[in-house]
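The values are calculated or read from the model by the stated rules, or taken from the named source; none is laboratory data. Note that the structure is a prediction, hence the values are computed from the model and not measured. Ideal geometry is used to build each Cβ from the backbone, glycine not excepted, and the neighbour counts take in all protein chains shown.
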Amino acid sequence: MIYRLMVVAAIFSFLTLTSSSIVSAVENDGIETGVATSTSRLFSRSLEKAKRGQIDQALELAIQARESKPGDLKAGIRFIETIAEISKCADTDEAVGVLNEGIQAAAELRQMQVCDGSQDPTLGFEYMNSLVSLGKAVRGHQAETTSQLFLAVGDIANNLYSNPYVNPQAIKFLGEPFFNNAVGHALNGDGEQAVGSFRRAIEVGFTQFDRVNDEPAFDALPES
């Protein structure tokens, strides 16, 4: 189980995935079909299935929703967010398979510069937040993958911080991403980088200081 996540994490790290679809939808009575079915409704149905414990059908619906708009970046981002939510309803073994799909999707979008925060602010924020959600969901299964996702979050947050097209009022929303980036560095044992990211989080408006004491990744850092 852990090995499977580590393999997918390596794929994410080196960004070797192509932009083609990784999996295809499986024919199933629980899958909605037809051109009249909206992508949004498919994602909603997916979450409904997950809440009922029907994880396989939930995953298939999410995949179908994404494939209904091939190449659509927003659909890809919503797919990642949906995967994170589905995994919360799954048992450990099921969650691993579900999360693998999200990690692969995140790796595909990672290759597209338009999502990295240096260009389109909206896509940058949405993709960054989807990685935060995925990282939190993965954390209970594999810390290394979580670290990689949170480090990617930091890259996007830094790009958005420097992006002249970002509304200054939106900078405060980078506090949470920078905090999670600090966690990512801490999980890697890099205390200096963790402190730097935490300082940046405070700079942009992060105020939930109690979370520092509650974060086990910081406890594991060597005292300096």
#### Entry: Failed item, numbered, when Gly191 is tested on (1) surrounded by fewer than 19 Cβ atoms within 10 Å (Cβ to Cβ); (2) at pLDDT 95 or above; (3) small (Gly, Ala, Ser)
(2)
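Quick check, is Leu134 of a type outside the set (Ser, Thr, Tyr), out of contact with any Cys (no Cβ under 7 Å at 6 or more places or on another chain) and touching a residue at least 60 places away in the same chain (Cβ under 8 Å)? Write out each step before concluding.
Numbers: of a type outside the set (Ser, Thr, Tyr): yes; out of contact with any Cys (no Cβ under 7 Å at 6 or more places or on another chain): yes; touching a residue at least 60 places away in the same chain (Cβ under 8 Å): no.
Spelling it out, it is not the case that Leu134 is of a type outside the set (Ser, Thr, Tyr), out of contact with any Cys (no Cβ under 7 Å at 6 or more places or on another chain) and touching a residue at least 60 places away in the same chain (Cβ under 8 Å).
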### Task
For Ala106, state whether it is of a type in the set (Gly, Ala, Ser), closer than 23 Å to Phe43 by Cβ and surrounded by fewer than 22 Cβ atoms within 10 Å (Cβ to Cβ).
no
### Task
Name the single residue, out of those in the stretch 129-144 being farther than 18 Å from Asp91 by Cβ and at pLDDT below 95, that is surrounded by the fewest Cβ atoms within 10 Å (Cβ to Cβ).
Glu144
### Summary
The number of residues in the stretch 63-106 that are among the β-branched types (Val, Ile, Thr) and at pLDDT below 95 is 2
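Give the residues of the stretch 199-224 that are within 17 Å of Lys136 (Cβ to Cβ), surrounded by 12 or more Cβ atoms within 10 Å (Cβ to Cβ) and of a type outside the set (A, V, I, L, M), sorted by residue number. Show your work before the answer.
Residues of the stretch 199-224 within 17 Å of Lys136 (Cβ to Cβ): 201, 206, 208, 211-212, 214-218.
Then drop every residue that is not surrounded by 12 or more Cβ atoms within 10 Å (Cβ to Cβ), which leaves 201, 206, 211-212, 215, 217-218.
Within the stretch 199-224, Phe206, Arg211, Glu215, Phe218 qualify.
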